[in-house]
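Quick notes on the structure that follows.
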Amino acid sequence: MPIIDIEGLHFAYGKNVVLEDLDLQIQRGELVAMLGPNGVGKTTLVENLLGTLAPDRGRVRVCGTNPRRVGADFWPKVGFMSQHWNDHPKWRVRDQLEWIRACYDIQGTTTRDPQQLLAALDLSDKENSQLSKLSGGQRRRIDFAAALLSRPELLILDEPTTGLDPVAKAQIHDLVSECQDDGTTVLLTTHDLAEAEKISSRIVILGGGGILADGTAHELRRSLAKSCEITWREGEEHFIHSTNEVEAFVAGLDLTSISDLTITRPSLEDAYLDLVSQATGVEAEGSTL
């Protein structure tokens, strides 16, 4: 049984249809990155998974359950990191994490040690700091630690590395990979194509109310109509050739007489921009990523 099972999900804000007859299944143990321009419904989809929004029609199941009709035993199974927070700004970091941990302990959940999580995120020195005194990047990492406390079966991360420096981003990537190695299913939304390609086993691109593409980064690149570009030198001459049959073309070259052979394949960014442009009818720009 898929850990996330969506059939025919339709959701609109008034007359503005955001998701239309969307189907999506995510199996246990997958690490899925969800991409798409602002406003296509990534966060709306997440809120339907958490039960904070109800679909106009369609079926949503998370861990085999309708998230609108769950008991207290459901929430330790799902770790969530939001783009925004609403808590006690005067609380210390330790108080925040211990309070969340205590809520899980009441239900008999085997929780992680907050101090170990803080150490893994290089935040041990912030244990006694007030939440309101943290930088945006530090706060993002605290939210990530909170999402991991219950050792969830499903980890939902809404743009988890926005605003983080490269070191903090790498720490979160490492912990996400460790969670997947332990059997946790991960769904993350992101605008960072490099992040999606680096850590995910599968990429889903949203647009036009539905799913524009679903596959590995390699499969999405291969779906492009764009040709690969091959460049090489023979003596002082420089050659460029475009083809979709790279292996056959290179096999026909005399490799003993050429140098500087380079093969440039379409990138994930090329695939993303191409798909979004087709869906919207407007040429997408790389700067929006």
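See the values below:
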read-out: Distance between modelled label sites at HIS84 and ASP260, nm, 7 Å Cα→Cβ extension; value: 5.4 nm
read-out: Helix-derived mean residue ellipticity, 222 nm - over the chain, DSSP H n ≥ 4, -39500 (n - 2.57), to 500; value: -9500 deg cm²/dmol
read-out: FRET efficiency, 1/(1 + (r/R0)^6) with R0 41 Å, evaluated for VAL246 and ARG92 via beta carbons; value: 0.10
read-out: Sum of side-chain charges, THR256 neighbourhood, beta-carbon under 15 Å (Lys, Arg +1; Asp, Glu -1); value: -2
read-out: Additional length obtainable on full extension of the chain from GLN25 to LYS226, 0.36 nm per residue less Cα span; value: 69.4 nm
read-out: Choice from THR161, THR189, THR264 with maximal GNM fluctuation in the chain (Cα, 10 Å cutoff); value: THR264
read-out: FRET efficiency, ASP182 to GLN115 (Cβ-Cβ, R0 22 Å, nearest 0.05); value: 0.70
read-out: Overall dimensions of the stretch 63-173 as given by Cα atoms, namely Rg and Dmax in Å; value: 13.9, 40
read-out: Most fluctuating residue given options ASN48, ASN128, ASN16, as computed from a GNM of the chain linking Cα atoms under 10 Å; value: ASN16
read-out: Rg to Rh, two decimals, where the stretch 152-289 supplies the alpha carbon set and Rh follows Kirkwood; value: 1.08
read-out: Rg(Cα)/(2.2 N^0.38 Å) for the stretch 4-219, N = residue count; value: 1.01
read-out: Order by protection proxy (mean Cβ within 10 Å, highest first), peptides 267-273, 98-104; value: 267-273, 98-104
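Any read-out appearing in this document is the output of simple, stated calculations on the displayed coordinates, not a laboratory observation. Keep in mind it's a predicted model, so treat the numbers as computed, not measured. Note that we place each Cβ from the backbone using ideal geometry, even for glycine, and neighbour counts take in every protein chain shown.
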